[in-house]
1. Tell me whether the stretch 223-231 contains one or more residues that are touching a Gly at 6+ places or on another chain (Cβ under 8 Å) and either within 16 Å of the ligand (Cβ to nearest atom) or part of a helix (DSSP H, G or I) (or both).
2. Is it the case that some residue within the stretch 261-271 is away from the ligand (no atom under 16 Å from the Cβ), not in a strand (DSSP E or B) and not assigned by TED's automatic domain parsing to the domain that holds Asp398?
3. Any residue in the stretch 142-158 that is away from the ligand (no atom under 16 Å from the Cβ), surrounded by fewer than 24 Cβ atoms within 10 Å (Cβ to Cβ), modelled with pLDDT of 95 or more and within 18 Å of Gly192 (Cβ to Cβ)?
4. Go through the stretch 190-215 and count every residue that is more than 23 Å from Asp136 (Cβ to Cβ) and either within 16 Å of the ligand (Cβ to nearest atom) or part of a strand (DSSP E or B) (or both).
5. If only one of Glu97, Glu120 is surrounded by fewer than 18 Cβ atoms within 10 Å (Cβ to Cβ) and acidic (Asp, Glu), which one is it?
6. Please verify whether the stretch 180-189 includes one or more residues that are touching an Asp or Glu at 6+ places or on another chain (Cβ under 9 Å), without any contact (Cβ under 8 Å) to a residue 12 or more places away in the chain and in a loop (DSSP other than H, G, I, E, B).
7. Could you grab the pairs with beta carbons closer than 6 Å, sequence gap of 6+ or different chains, first residue in the stretch 241-261 and at pLDDT below 95, second one surrounded by 24 or more Cβ atoms within 10 Å (Cβ to Cβ) and of a type outside the set (Val, Ile, Thr)?
8. If only one of Met28, Met1 is among the hydrophobic types (A, V, I, L, M, F, W, C) and within 16 Å of the ligand (Cβ to nearest atom), which one is it?
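The values are calculated or read from the model by the stated rules, or taken from the named source; none is laboratory data. Everything numeric in this text was worked out from a predicted model, so none of it was measured. Positions of Cβ are backbone-derived with ideal geometry, glycine not excepted, and every protein chain shown enters the neighbour counts.
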Amino acid sequence: MGKGQRLYKKAKQLIPGGTQLLSKRPEMFLPDLWPAYYSRAKGCEVWDLDGNKFIDMSYMGIGSCILGYADHDVDGAVKDAVDKGSMSTLNAPEEVELASLLIQIHPWAEMARFSRTGGEAMSIAVRIARAKAGKDLVLFCGYHGWHDWYLSANLSSNKALDGHLLPGLNPAGVPRALRGTAMPFAYNDTEGFLRLIKSYKSKVGVVVLESIRNHYPDKEFIATIRKVTRDLHIVLIVDEVSAGFRLNKGGAHLLFDFTPDIAVFAKGMSNGFPMAAIIGKKEVMDVAQKTFISSTYWTDRVGPVAALATIKKIMKIDLSQHLAYIGKKVQIGWEDKATRYGVPIEVGGIYPLGHFSFKHPEPLVLKTLFTQSMLEKGFLATTAFYASFAHKDKDVNDYLEAVGDCFRFTAQAVKSGNPKRYLKGPLCHSGFKRLT
Ligand SMILES: Cc1ncc(COP(=O)(O)O)c(C=O)c1O
């Protein structure tokens, strides 16, 4: 057992759930064997506490580092901000520059507020939207964070959120009184959305959806949502926390001719430094003055400086083309290797955020086996890959060669009738559950 796993054992005694983010739990990858902690990260390389180097072909800081780890330009700007003082009683002027830049990129928007994490920014957006509409009911699809407004959907049925990224999210502690205040519909399901509108028409104040996640939006779906929300004075929020800046130089909604009332950005906008933005039309955003939304660390200087440096760099480079090229190469590679070695898989996701699943009665066994074998070959890998600007052809070629070896081994393991016996530790988790 490496230093990382030893430290993680201690962490579980001191930190309930072990980590601060479900998606960084070692159990989500390779229980008992995942390196768990890093000492250094640069580009797409990560060093664990024992000095082992891995190429990150998994989530790149759970989608936060689209330029790659420790980007020279972003880090340089941040170091400068730290030297000048990252906090004071007066405000950081970079906030105003960032507001102007985001509005320039999204000409439909007129004002911006800032916070530091995606879920928190979505909560702010929903608060503003409910205050503007004067109605509580939120219809939504997709994943939007851990806050009460969102988890309340699981008070009516504890499986309501299962199809929206993370299964098993337990709403213990979310006030029961919030039951029925947030209801899900499926992405691209125009009929399902219209059914909810028909049933709850007079109560709906807010509609929330991700601009894109796994599939490109249907034109009819987007057009219906925009028309219905406009006609019924419902505030429309687009969540760009994961999609933003990956497909284009801004929110993905710009690509789909889709004008929301509010758009929310976080992870992709500041390359690993905490920052989030809520941008919107003046008549909606102005309502933020009527309701109390305020926090000390939303005023630090590092966040806006990192976002400005990240966005300005994205404006100069061909990031979206690079992410599409790298992501496509990986997705085609998965298909090729799987076909060659006779391992049935299903590949999905947009090119920058690709994933695959094993078509096997025990997919979690094969998933754990894949992560185990790839780790032994020097890759942080799971059944998803988030492309970054730091991933180059060589990384992908080396990775796909290793994937081929793993799939060949997987085919043999399946043929043996008991692939589980090749696992050196327990099965990975598929969603939220209590750690024992
Ligand atoms: C679309 C979307 N919204 C909101 C969030 C929550 O962001 P955070 O983890 O920064 O709170 C995420 C995180 O994965 C996300 O993908």
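1. No, the stretch 223-231 contains no residue that is touching a Gly at 6+ places or on another chain (Cβ under 8 Å) and either within 16 Å of the ligand (Cβ to nearest atom) or part of a helix (DSSP H, G or I) (or both).
2. Scanning the stretch 261-271 turns up at least one residue that is away from the ligand (no atom under 16 Å from the Cβ), not in a strand (DSSP E or B) and not assigned by TED's automatic domain parsing to the domain that holds Asp398.
3. For the stretch 142-158, residues away from the ligand (no atom under 16 Å from the Cβ), surrounded by fewer than 24 Cβ atoms within 10 Å (Cβ to Cβ), modelled with pLDDT of 95 or more and within 18 Å of Gly192 (Cβ to Cβ): absent.
4. So the count comes out to 5.
5. From the options Glu97, Glu120, the qualifying one is Glu97.
6. No, because not a single residue in the stretch 180-189 is touching an Asp or Glu at 6+ places or on another chain (Cβ under 9 Å), without any contact (Cβ under 8 Å) to a residue 12 or more places away in the chain and in a loop (DSSP other than H, G, I, E, B).
7. Listed by first residue and then by second, the contacts come to nothing, as the list is empty.
8. Met28 is the lone residue from the list that is among the hydrophobic types (A, V, I, L, M, F, W, C) and within 16 Å of the ligand (Cβ to nearest atom).
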